[in-house]
Amino acid sequence: MKTKKFILLLGIGTLVAINFSTQAADQSASPSLSLLRSVPLAELPGKAAALVTAAKADSQIQTTVDVVKSAIGLNPAAAPQIVGSIAASAPDVAPVAAATAVSLLPKQAALLAQTAAAAAPKQAGKIVEAVCRTLPEAYKAVAEAVAAAVPGASKEILAGIAAAIPSLKDAISSALAIYKGATPSINSVLAQVGTATDPVTLAAGSPHGGPVTGPPYVPLPGVSTPIDPGASGNVPTGGRQYSSPATP
């Protein structure tokens, strides 16, 4: 009996030690987390954007990944506001912010892509490409959502899909050829593309869990676990009126 108790206590102690060391490692690996934890939820999107814009050029992509993961981890329900605030303040990393958020909240892929595109319309095509690389099976919903936010970006959106999912490139080209240089609606082209490639094929080579390697993007570290948006506090009021970046 004493031996069993000793083994049980030893096991519990080991688990506690492992958990503690894991948390410590996570904190050291995510410097943004400690900075964001002290920020009120209503100010989280603005502070996240401030951290990204303050980062050096050669580390801004990695900072964006780190900040998005940390901020959404603290308040998943505010993911659209976080992505929108970062995209508005630092348009060049809007695709990275959107794709990172989608890797955490895949069910909100269309909304997150749309929010990023609305805040950084010139990045619409790259946002679609980044998100589709992360979650290729959602390409139709993502493309339609971004097209609704940026109506004049049909060519860029379709180019983004083709770049992210090469198996659809020929089908998209064939559908566009019918219009002889005119710019059709996204819905019209995607309706003709139809089910040219099934979700299993689309997902091949693009493991779920984060943006994958592919020009002009860089490898993003770690495998993200989808988050339940209802597991945190309330979304800051104001709808899509994103918070202004706070001073770092």
Listed here are the pairs Lys140/Lys180; Lys47/Lys122; Lys122/Lys169; which of them are more than 25 Å apart at the Cα?
none
Restricting to Cα pairs below 8 Å that are 6+ residues apart, what does the relative contact order work out to for region 32-211? Please round to a whole percent.
18
Between the modelled labels at Asp170 and Leu41 (7 Å from Cα along Cα→Cβ) the distance in nm is 5.1
Radius of gyration, Dmax [region 32-211; alpha carbons; angstrom]
16.4, 56
Express the relative contact order of region 28-112 as a whole percentage, based on alpha carbon pairs under 8 Å and six or more residues apart in sequence.
30
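Quick note: the coordinates plus some simple rules give every number you see, no bench work behind them. Bear in mind that the values here come from a model prediction, so they are computed numbers and not experimental data. Cβ: placed from backbone, ideal geometry, glycine included. Neighbour counts: every protein chain shown.
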